[in-house]
Amino acid sequence: MSIRRPPLQPLAFFEAAGRHLNFSAAARELGVTQSAVSHQVAWLEADLGVPLFRRLHRGVALTAEGGRLFEVVRRGLDEIGAVLAAIRAGRGRRVLNVATDFGFAAWWLMPRLAELRERMPDLDVRIVTSQDAIDIRREAIDVAVSFGTGAWPGCTARPLFPEVVVPICSPGFLDGSGLSARPELLESLPLLHLESSDAAPWLSWRDWFEIHGVTGRRPAGLDLTFNNYPLVLQAALMGQGVALGWSPLVDALVRGGQLVAAGEPYERADRGYFIVEAEPGGSVPRPAGESREVFRTWILEEAERR
C-alpha cells in the first residue's frame with residue numbers, strides 16, 4: 001500500500017508556527033505574510049481533517065494531534081539540516097551536531113559556547129533541541145547531553161551532573177505568598193509544570209510531594225503546564241508560580257537574585273545529565289572523532305568547575 005508523500009511547503013510553515021507558537025513570528029522568519037502562514041496551516045488542517053492549533057488571544061497552542069505532527073516534522077527537518085551541514089563540512093569546515101533538551105541548551109550550554117569557539121575556532125556547532133528522548137544511533141547527531149539514568153542502549157554515557165532539584169520562584173512571589181520551607185505549604189500555591197509526552201525521567205511535582213509525604217488534595221485551576229523548560233523558568237521569573245529548579249540550570253538565576261529557593265534541595269544520585277555518544281557501528285555515518293573528543297573534554301572540564 002503506497003503512502004501519499006506529504007506536502008512540503010505546508011509542513012515547513014506548520015513547523016515554524018509550531019516552534020514559535022505564533023503565526024506572525026513564523027511569517028517573519030519565513031519572509032512571508034501572516035495570512036500566508038494561516039492559509040498554509042488551514043490547508044494542512046483541512047487535508048488532515050483535524051485542528052493542529054488552538055487559536056488563543058495571543059499566539060496559538062498545539063493540539064494533541066498538532067504536537068505529534070510537530071515532533072515528527074521537526075525531527076525530519078533536523079535530519080535534513082544535519083545532512084546539509086555534513087555536506088558543507090566536506091567543503092572545509094567541521095560541524096558538530098549536539099542534541100540536548102531545551103533547558104540545558106538555553107540555560108547552561110548557550111552561555112558557554114563562546115569558550116568552546118575560542119578553543120576550536122574552525123568548528124561549527126549545531127544545537128538540536130527536544131524535550132523528548134533522541135536516539136543518536138539513528139539520527140545525524142554526533143553527541144548528546146541527555147537527562148536520565150545513564151543507560152542508553154548502544155551508547156557510552158559519562159556523568160556530568162546529578163539530579164539536584166529545589167522549588168524556585170521570583171522574590172516578589174515569595175514575599176507575597178507567605179511561603180516557608182515547609183513542603184505542605186506548596187500545595188496551596190500555583191505550580192509550574194514541565195510537560196512530557198512519555199514517562200518523564202526527571203522529578204515531577206507529584207514525585208516531590210510523595211517524597212516529602214504530602215498527600216493532600218490540591219485546589220483545581222491553580223497550575224500552569226509548559227512543553228519546554230525555558231517557558232517554565234520564564235513563568236517563574238514573571239511571578240506566575242513555583243517551579244522545580246534543576247541545578248546547574250538555575251544556578252546563575254539564583255545567584256543573580258532573579259529567582260529564590262522556596263524549599264530545600266533534593267538530590268537523586270542515580271539520575272542526572274550525561275554526555276552520550278553512540279558506539280561504533282551505528283547506521284548513521286559519524287564525522288572524524290576529533291571534534292567529539294574536544295567537545296567531550298571541554299564539557300567535562302566545565303562540569304567540574306561547577
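Readers should treat all values here as calculations from the given coordinates under stated rules, not as data from a laboratory. Note that the structure is a prediction, hence the values are computed from the model and not measured. Using ideal geometry, Cβ is built from the backbone for each residue, glycine included, and neighbour counts are taken over all protein chains shown.
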**Request:** Please give the peptides 104-113, 28-37 ranked by average Cβ packing (other Cβ atoms within 10 Å per residue), highest first, as a rough proxy for protection.
**Result:** 104-113, 28-37
**Prompt:** Where both residues lie in the chain, what percent of DSSP beta bridges are antiparallel, nearest 5?
**Reply:** 60
**Asked** Using alpha-carbon positions, what is the distance between the centroids of region 231-281 and region 117-154, in Å?
**Response** 19
**Complete:** Around G18 (Cβ within 13 Å, Cβ-to-Cβ, excluding G18; K/R +1, D/E -1) the net charge comes to 0
**Message:** Given the -39500 (n - 2.57) contribution per DSSP H run of 4+ residues, what per-residue ellipticity at 222 nm results for the chain, rounded to the nearest 500 deg cm²/dmol?
**Reply:** -11500 deg cm²/dmol
**Prompt:** What ranking do 133-145, 265-277 get when scored by the average of other Cβ atoms within 10 Å per residue, highest first?
**Reply:** 133-145, 265-277
**Complete:** Using alpha-carbon positions, the gyration tensor of region 125-196 gives root eigenvalues a ≥ b ≥ c; with a/c under 1.5 called rounded, otherwise prolate if a/b exceeds b/c, else oblate, the class is prolate
**Request:** Would you be so kind as to identify all helices of the chain, as entire DSSP H runs, whose Cα atoms reach 15 Å or more along the helix's own axis and whose mean Kyte-Doolittle hydropathy is at least 1.0?
**Result:** none
**Item:** Computed over the chain: relative contact order in percent, which uses C-alpha pairs under 8 Å that are six or more apart
**Value:** 21
**Message:** Could you compute the net charge surrounding Y266? Neighbours are other residues with a C-beta less than 11 Å from the C-beta of Y266; K and R count +1, D and E count -1.
**Reply:** -3
**Message:** Can you tell me how the chain classifies by the Cα gyration tensor, rounded, prolate or oblate, using a/c under 1.5 as the rounded cut?
**Reply:** oblate
